[in-house]
1. At least 2 residues that are within 16 Å of the ligand (Cβ to nearest atom) and in contact with a helix residue (DSSP H, G or I) (Cβ under 9 Å, 6 or more places away or on another chain) in each: list the helices (runs of 4 or more DSSP H) lying fully within the range 3-113 that qualify.
2. Inside the range 34-51, can you point out the residues that are crowded, with 16+ Cβ neighbours inside 10 Å and more than 13 Å from PHE74 (Cα to Cα)?
3. Mind checking which residues of the range 57-66 are surrounded by fewer than 20 Cβ atoms within 10 Å (Cβ to Cβ) and at pLDDT 95 or above?
4. Report the residue count in the range 34-53 for those that are in contact (Cβ under 8 Å) with a residue 40 or more places away in the chain and in contact with a strand residue (DSSP E or B) (Cβ under 9 Å, 6 or more places away or on another chain).
Amino acid sequence: MLGHDNTDSERKKECTKEVLINVYHTAEQLQKIHDTFWKDRQIIISSGWRSVRNNQKCGGALNSRHLYGQAIDFNLGLSTINKDYETMKENWKGFVLHEGTWIHADIRQYSKN
Ligand SMILES: [Zn+2]
């Protein structure tokens, strides 16, 4: 997944205002959890919004929440990932998945569409 990125033209075409609003809400929720539980720690984000092409390259699901800016993949280091996942499960409003070396979190239940 690292090394994949969206291009400028994909951003212009696919990253709509609605997508940006989703990105904002996703990031805002993660920021709150960070400020509450992980204040002195750094979140390492490996994936946020993805263009269609980038999502395919990443091996993302066909209808991945990443396409809508509603998902974020991250960790705070591998040594604490199980504990950090528990913190996410208890506090994240939405869907959380332990992906081994990162945590996927999305806001699918909170989406209006
Ligand atoms: Zn993900």
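1. Details: elements: 8-14, 17-37, 52-58, 81-91.
Correct list: 17-37, 52-58, 81-91.
2. Residues satisfying the conditions are ARG50, SER51.
3. SER64 - this is the single residue of the range 57-66 that is surrounded by fewer than 20 Cβ atoms within 10 Å (Cβ to Cβ) and at pLDDT 95 or above.
4. Count: 4.
The values are calculated or read from the model by the stated rules, or taken from the named source; none is laboratory data. No experiment lies behind these values; they were computed from the predicted model shown. All Cβ positions, glycine included, derive from the backbone under ideal geometry; neighbour counts span all protein chains shown.
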